[in-house]
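One structure is given below, encoded as structure tokens.
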Amino acid sequence: MLNRVKRWQLPRIINTYSVPTYGRALALLKREGKCPPDVEHRQIKYRNNVIECDYGKLKRIINAALGFKSMKTAYTTIKGIEVMRALRKGQASRFYFGHPLGEMRLVDRIFDI
């Protein structure tokens, strides 16, 4: 996951469940130099629940679609679902400054329309 990430995209904190293997795996990645040493690892169950709840909504939409035929269609569909959810939640407003034409430009840029 961290191989193709730009320097400014590196996480400061990684939240996981309390499974011991996550901590060992992250420590191993840090020793190998594949993960920055200053990344904080939090193994607190309730902090990960926000992420899991958000993923559950996506999973419900995907299950209704009855799966995907190829990786390309899976990637495109999930990307579209996530962009539309971000727009609906107002999470992308800093990119289009709350203007409807800005929303259209953002969708055009993301999907190369």
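The values are calculated or read from the model by the stated rules, or taken from the named source; none is laboratory data. Note that the coordinates shown come from a computational prediction; the quantities given were computed from them, not determined experimentally. When we count neighbours, we look across all protein chains shown, and the Cβ atoms used for this are built from the backbone with ideal geometry, even at glycine.
Here Arg94 passes the criteria (1) part of a helix (DSSP H, G or I); (2) at pLDDT 70 or above except the one numbered (2). Among the residues of segment 17-52, just one is touching a Gly at 6+ places or on another chain (Cβ under 8 Å) and modelled with pLDDT of 85 or more, namely His41.
I need the full set of residues from segment 53-78 which are at pLDDT below 80, under 23 Å from Asn15 (Cβ atoms) and either touching an Asp or Glu at 6+ places or on another chain (Cβ under 7 Å) or surrounded by 12 or more Cβ atoms within 10 Å (Cβ to Cβ) (or both), in order please. Once the filter is applied, which keeps residues that are at pLDDT below 80, under 23 Å from Asn15 (Cβ atoms) and either touching an Asp or Glu at 6+ places or on another chain (Cβ under 7 Å) or surrounded by 12 or more Cβ atoms within 10 Å (Cβ to Cβ) (or both), segment 53-78 yields Asp54, Leu58, Ile62.
Residue-level check: of (1) of a type in the set (Val, Ile, Thr); (2) in a helix (DSSP H, G or I); (3) more than 26 Å from Asp112 (Cβ to Cβ); (4) at pLDDT 80 or above, Ile14 misses just (2).
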